[in-house]
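Notes follow once the structure below has been shown.
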Amino acid sequence: MPKKIDREARRAQIVRTYLKIAARDGLESTTSRAVANELGVSTGSLWHYFAGFDDVVFRAFQLIFDRTNDRIAKGVAEHTGLCALWEMLEEILPVGPETEREAFVVVNFWGRATSKPDMAQFQTEVTAQWRRQILAHLQEAVDAGELTPAAPAAGLADVVMVLITGFQVECALQTTLASAQRQWETIHHCLSAWLTETGTGAIAQASTSSPSWADR
């Protein structure tokens with residue numbers, strides 16, 4: 001009897017292979033033919049599992065989102081307020097080798113999402129979830145006296161989300177704005193008008209344990 005193929009396992013293998021090639025050879029080399037060659041199959045066989053290459057990129061983006069959320073959950077677990085925010089941003093901003101590689105895939109996804117409503121909707125959901133988390137940490141920071149009571153938490157959450165998007169694009173374009181130092185300084189600057197002495201100390205503590213900050 002023919003061997004039964006686990007479709008979901010095969011789909012996951014194809015997506016992981018796409019990300020592997022993107023990390024190793026660069027996004028421009030990550031084609032359907034490259035993925036098929038890496039797996040030792042024909043290019044046409046990929047389309048037994050996906051509707052097209054856009055679908056592969058979509059699944060890769062979803063996998064990156066899931067991986068990022070897992071890292072955030074671990075990093076934030078024992079923190080609140082600004083320390084939690086810094087831990088969260090460490091896993092999203094392209095400030096280290098892993099998040100830099102992810103930024104290239106994410107920006108490629110955004111380019112395709114402009115003409116794909118289902119992709120655009122997923123990005124909307126990602127943005128909404130992360131904004132809620134960021135806003136919660138900013139509100140914790142206000143409650144803990146790390147930010148002044150006048151701090152516009154909702155507006156600051158919007159600014160941080162815009163910065164996340166912008167820095168991923170700058171990373172993909174490989175500009176000087178994408179340096180880890182510039183990213184952290186910009187995040188700090190957008191909060192600085194409302195930082196208290198307690199908040200400054202919290203950021204200093206978070207920065208001490210941040211690998212990307214340590215490399216500044």
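The values are calculated or read from the model by the stated rules, or taken from the named source; none is laboratory data. What you see is a predicted model, and the numbers here were worked out from it, not measured in a lab. So basically every Cβ, Gly included, is an ideal-geometry build from the backbone, and we count neighbours across all protein chains shown. The accessibility values were calculated without ligands, DNA or RNA, using every heavy atom of the protein model including side chains. Shrake-Rupley method; radii C 1.70, N 1.55, O 1.52, S 1.80 Å.
Give region 45-77 a look and list any residue that's open to solvent by less than 40 Å² (accessible area, probe 1.4 Å) and more than 22 Å from F104 (Cα to Cα), or say none.
Matches in region 45-77: S45, L46, Y49, G75, V76.
Is there a residue being closer than 26 Å to K20 by Cα, within 12 Å of the chain's Cα centre (by Cα) and open to solvent by 40 Å² or more (accessible area, probe 1.4 Å) anywhere in region 122-137?
Yes, there is a match, as at least one residue in region 122-137 is closer than 26 Å to K20 by Cα, within 12 Å of the chain's Cα centre (by Cα) and open to solvent by 40 Å² or more (accessible area, probe 1.4 Å).
Tell me, yes or no, whether region 78-85 has at least one residue that is touching a Ser or Thr at 6+ places or on another chain (Cβ under 8 Å), modelled with pLDDT of 90 or more and crowded, with 19+ Cβ neighbours inside 10 Å.
Scanning region 78-85 turns up no residue that is touching a Ser or Thr at 6+ places or on another chain (Cβ under 8 Å), modelled with pLDDT of 90 or more and crowded, with 19+ Cβ neighbours inside 10 Å.
Just to confirm my filter: which helices (runs of 4 or more DSSP H) fall fully inside region 10-100 and include at least 1 residues that are touching a Lys or Arg at 6+ places or on another chain (Cβ under 6 Å)?
The qualifying helices (runs of 4 or more DSSP H) are 43-46, 53-76, 81-92.
Taking region 187-206, which residues are surrounded by 17 or more Cβ atoms within 10 Å (Cβ to Cβ) and either in a helix (DSSP H, G or I) or in contact with a Cys (Cβ under 7 Å, 6 or more places away or on another chain) (or both)?
I187, L191, G199, A202, I203, A206
Please determine, by comparing only the residues of region 138-167 that are among the charged types (D, E, K, R) and assigned to a helix (DSSP H, G or I), which one is surrounded by the fewest Cβ atoms within 10 Å (Cβ to Cβ).
Looking at the filtered set, the residue picked out is D143.
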